[in-house]
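Written out below as C-alpha cells is the structure these notes cover.
The values are calculated or read from the model by the stated rules, or taken from the named source; none is laboratory data. Keep in mind that what you see is a predicted model, and the values were worked out from it rather than measured. Virtual Cβ from ideal backbone geometry, glycine too; neighbours counted across all protein chains shown.
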Amino acid sequence: MKETQYIFSPDNLVASEPNKFDASKLKSEEMIINLGPQHPSTHGVLRLEVLSDGEIIKDVVPHIGYLHRCFEKHAESLPFNQIIPFVDRMDYLAAMNSEHAYAMGVERMLGITNQIPKRVEYIRVLVAELNRIASHLIAVGTFGLDLGAFTPFFWIMRDREHILRLLEWASGARMLYNYIWVGGLFYDVPVGFEKRCREFITYFKPKVIELEQLLVDNKIFIDRTANIGVLPLNLAINSGATGPMLRGSGLRFDLRKVDGYSVYPELDFDIPIGEGKMGATGDCWDRTWVRVREIHESLHIMQQCIDKLEGEHKRTREFDPQALVPKKIRPQAQEIYVRAENPKGELGFYFRTDGKSDIPFRCKVRACSFVNLSILPELCKGVLIADLIAILGSIDIVLGEVDR
Amino acid sequence: MIAMDNARLIELVRSVAGTAEEVKNTTPLSLSIDASALILVCEQLHKNPETYFDMLTCVTGVDNGPEANTMEVIYQLYSIPFNHSLMLKVILPRENPEIESVTSIWKSADWLEREVFDMFGIVFKNHPDLRRILMPADWNGYPLRKDYKHEETYRGIKID
C-alpha cells in the first residue's frame with residue numbers, strides 16, 4: 001500500500017526561503033525582480049533576487065541550495081571508492097576532471113602517486129582533456145544562447161556529442177563515468193580509441209575556428225560582452241576566483257602548470273590569458289575568449305597523449321589498469337588538501353582520516369563554481385538587467401557543483 | 001624575494017599569535033592557533049611581503065563529535081607569488097562556537113563562512129550577511145555535526 005507522501009497543513013504554504021529584501025522598505029523607484037529558479041538563463045536552479053531601479057541593477061542576491069544533496073554528509077558514510085560516483089554528480093559537465101582530482105587526492109593519502117603506471121596517467125589526462133573541451137563547449141555555447149545567438153548552441157551540441165560518444169565508448173556512460181578509479185582505471189581504453197580520437201581532433205580543429213568566427217568574433221557578441229562585467233585582477237584574487245575567471249582577468253595561473261600534477265609537466269601547452277583585446281581586461285569577452293583558446297590547448301594536449309599512448313606507452317597484453325587498485329582503502333590518520341584544475345577553476349578536496357576506518361572522517365569539497373558565483377553581486381552593481389544575464393553566463397557555473 | 005620556508009613561517013605566526021602548534025601528518029603545513037589571535041595572524045599573513053597569502057581558497061568546519069567536544073575551523077591559504085600553502089586551524093568548543101569573520105581581509109570568506117555556519121552552526125562574528133546558504137532558512141539543526149539526527153518530514157513532505 002502506498003503511504004501518503006505529503007501531509008497537508010496551511011503552515012506548509014508559507015515561503016520557506018524568505019527574501020533578503022523587504023518590499024515594504026523599498027524606496028519608491030526600487031523594485032524586486034526574481035529571476036529563476038526555473039529560468040533557462042540561470043543555467044539550472046539558481047534564484048537571483050534583483051533589486052533594481054528600472055533597468056539598472058542596484059543589488060543582486062543569489063539564492064542557492066535548490067540542488068543541495070549534501071555530498072559531504074554522504075561521503076562521511078561511504079568507503080573511498082564508492083564516493084567516486086557522487087563526485088561525478090557534482091560537476092556533471094566535467095565529471096572526468098572531478099574524478100581525476102578525487103582519485104589523485106586519495107592516492108596521495110595512500111602514498112601511491114608515483115607508482116601509477118604512465119599509461120594510466122596518460123589515459124586519465126586524455127579523457128580529462130576531452131571532458132574539458134566538452135565543458136568549455138557548453139560554457140561558450142550556452143553563453144551565446146543567453147545573448148540570443150541560437151546557431152552556435154546547435155553547433156557545439158553536435159560537436160560535444162562526438163566527445164560524449166567517445167567517452168561512452170570508453171566508460172559505458174555518457175556523462176557520469178565512474179571511469180577513473182583510485183589507483184587506476186575502470187578499464188583500458190577500447191581498441192581503436194586512439195585512432196578515433198585522432199579523427200576527432202582532425203574533424204574538430206576547423207570547427208573551433210568556425211565557432212570562433214561565428215560567435216566570439218561576431219560584432220553583436222562583442223558589443224554585448226566587451227567592457228561588461230569587468231573583474232579587476234586584485235578583486236579576482238581577493239574573492240577567490242579561479243580558472244578562466246582568474247585567467248580572463250590577466251593572471252597566467254593554471255594549476256596544471258603550477259602544481260604540475262599527473263603527467264602535465266611532460267606535456268607542452270600554453271596558458272591563455274585575457275588581454276583586453278575588445279575592451280577592458282577581465283570583461284565577459286575575455287573570459288569567453290580564454291575558454292575558446294583553452295579548447296585549442298586541450299586539443300594540443302590530447303594529440304601528445306595519443307602519441308604517447310600509441311608509442312612509448314602502448315597497449316600490451318599484460319597491462320592491467322586495475323593492477324594497483326587497492327582492495328581496501330585505509331589511509332593513515334592525516335589531513336590533506338588536494339587541488340586540481342577543473343574546467344571551471346580550482347577543485348579542492350579536504351580529507352581528514354582517522355586511520356581506523358575505510359571511510360573519511362570529513363570530506364570537504366572546495367567547489368570552483370560556488371566560489372566563482374559568490375563574486376556575482378560584486379560584478380553586477382549598476383549594470384543593466386540584460387548585462388546581468390551576460391555576466392552570469394560568462395562565469396560558467398554548474399548548479400550541481402554550487403549546491404553539491 | 002624568496003618564499004619563506006616552513007620554520008620561518010611557524011616563527012612568524014608564533015610571534016603574532018603567541019602560540020602556534022604544528023599539527024602532525026598534514027599536507028600542506030598546518031598550524032593550530034588560538035581563536036582570539038585569528039584576525040591578527042591573518043592580517044599579518046596577508047600583508048607581510050614575505051608571506052603574502054593573497055588567496056583564501058577554502059574554509060572548512062570539522063566536528064570532532066560529542067566525545068572530544070570540540071569543533072574546528074580550517075582555513076586554506078595560498079600565496080600566488082610564492083606558490084606557498086598553509087592550513088590554519090582554530091579549535092572551538094562545541095557549545096556556542098563563535099569566531100571572528102575574516103571577510104574584511106579576504107572577500108572569498110563571505111560564502112565559505114556562510115556554508116560553515118549553515119552546516120555546523122559556527123557563528124562568524126562581524127560577518128556582513130550571515131544567513132543559511134544551502135539549507136532552507138527554517139531548517140532545524142546543522143547537518144554536518146556528528147550527532148545530527150535526520151528529519152522525518154519537512155513541511156509535510158516525508159523524507160526517506
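Observations
- For the residues A:Pro117, A:Pro85, the requirement of being away from every other protein chain (no Cβ under 13 Å), surrounded by fewer than 18 Cβ atoms within 10 Å (Cβ to Cβ) and modelled with pLDDT of 90 or more singles out A:Pro85.
- A:Gly311 meets all of the listed conditions (1) surrounded by fewer than 18 Cβ atoms within 10 Å (Cβ to Cβ); (2) at pLDDT 90 or above; (3) small (Gly, Ala, Ser) but one, namely (2).
- Residue among A:Leu376, A:Leu347 that is surrounded by fewer than 22 Cβ atoms within 10 Å (Cβ to Cβ), at pLDDT 90 or above and more than 8 Å from every other protein chain (Cβ to nearest Cβ): A:Leu376
Residues checked against (1) over 16 Å from A:Asn238 (Cβ atoms); (2) touching a His at 6+ places or on another chain (Cβ under 6 Å); (3) at pLDDT 85 or above:
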site: B:Arg14; (1), (2), (3): yes, no, no
site: B:Val73; (1), (2), (3): yes, no, yes
site: B:Ser101; (1), (2), (3): no, yes, yes
site: B:Glu115; (1), (2), (3): yes, no, yes
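- Strands (runs of 3 or more DSSP E) (entirely within the range B:61-100) containing at least 1 residues that are of a type in the set (D, E, K, R) and either more than 10 Å from chain A (Cβ to nearest Cβ) or free of Cβ contacts under 8 Å to residues at least 24 places away in the same chain (or both): B:70-79, B:98-100
- Flag if A:Leu299 is surrounded by fewer than 22 Cβ atoms within 10 Å (Cβ to Cβ), of a type outside the set (Val, Ile, Thr) and over 30 Å from B:Phe120 (Cα atoms): yes
- Residue in the range B:146-160 that is nearest to the other protein chains (Cβ to nearest Cβ), counting only those that are in a loop (DSSP other than H, G, I, E, B) and touching a Phe, Trp or Tyr at 6+ places or on another chain (Cβ under 7 Å): B:Gly156
- Checked against the criterion of being in the same structural domain as A:Asp91 (by TED's automatic domain parsing) and free of Cβ contacts under 8 Å to residues at least 60 places away in the same chain, the candidates A:Glu199, A:Glu121, A:Glu194 yield just one match: A:Glu199.
- Whichever residue in the range A:47-69 is touching an Asp or Glu at 6+ places or on another chain (Cβ under 9 Å) and part of a loop (DSSP other than H, G, I, E, B) and, among such residues, is farthest from A:Tyr177 (Cα to Cα): A:Gly54
- Sole residue being farther than 28 Å from A:Gly248 by Cα, of a type in the set (Asp, Glu) and surrounded by 16 or more Cβ atoms within 10 Å (Cβ to Cβ), chosen from A:Glu194, A:Glu212, A:Glu199: A:Glu194
- Scanning the range A:246-270 for residues that are assigned to a helix (DSSP H, G or I), within 12 Å of chain B (Cβ to nearest Cβ), more than 17 Å from A:Ser394 (Cα to Cα) and in contact with a strand residue (DSSP E or B) (Cβ under 8 Å, 6 or more places away or on another chain) yields one hit, A:Leu255.
- Within the range A:237-245, one or more residues are outside any helix (DSSP H, G or I), within 10 Å of chain B (Cβ to nearest Cβ) and among the hydroxyl-bearing types (Ser, Thr, Tyr).
- Applying the criterion of being surrounded by fewer than 19 Cβ atoms within 10 Å (Cβ to Cβ), in contact (Cβ under 8 Å) with a residue 24 or more places away in the chain and of a type in the set (S, T, N, Q) to the residues of the range A:218-251, the residue that is farthest from B:Asn83 (Cα to Cα) is A:Asn218.
- For the range A:350-369, the tally of residues that are surrounded by fewer than 23 Cβ atoms within 10 Å (Cβ to Cβ) and facing chain B (nearest Cβ under 7 Å) stands at 2.
- Test: residue in the range A:29-50 that is polar (S, T, N, Q) and in contact with a helix residue (DSSP H, G or I) (Cβ under 8 Å, 6 or more places away or on another chain): yes
- Here the condition is being farther than 30 Å from A:Gly105 by Cα, charged (D, E, K, R) and part of a helix (DSSP H, G or I); of A:Glu168, A:Glu194, A:Glu199, A:Glu129, it holds for A:Glu199 alone.
- Within the set A:Arg404, A:Arg330, the sole residue that is surrounded by 17 or more Cβ atoms within 10 Å (Cβ to Cβ), modelled with pLDDT under 90 and closer than 30 Å to B:Val62 by Cα turns out to be A:Arg404.
- Among the residues of the range A:252-265, just one is more than 19 Å from the chain's Cα centre (by Cα) and in contact (Cβ under 8 Å) with a residue 12 or more places away in the chain, namely A:Val263.
- Complete set of residues in the range B:116-131 that are buried (at least 18 other Cβ atoms within 10 Å of the Cβ) and either polar (S, T, N, Q) or within 8 Å of another protein chain (Cβ to nearest Cβ) (or both): B:Met119
- Taken over the range A:303-336, residues that are within 14 Å of chain B (Cβ to nearest Cβ) and out of contact with any Leu (no Cβ under 9 Å at 6 or more places or on another chain) amount to 4.
- Cross-chain or 6+ apart pairs with Cβ under 6 Å, the range A:63-78 first and more than 10 Å from chain B (Cβ to nearest Cβ), then part of a helix (DSSP H, G or I) and surrounded by 15 or more Cβ atoms within 10 Å (Cβ to Cβ): A:Phe71/A:Phe86; A:His74/A:Phe86; A:Ala75/A:Ile83
- Selection status of B:Tyr148, aromatic (Phe, Trp, Tyr), touching a Gly at 6+ places or on another chain (Cβ under 7 Å) and surrounded by 17 or more Cβ atoms within 10 Å (Cβ to Cβ): no
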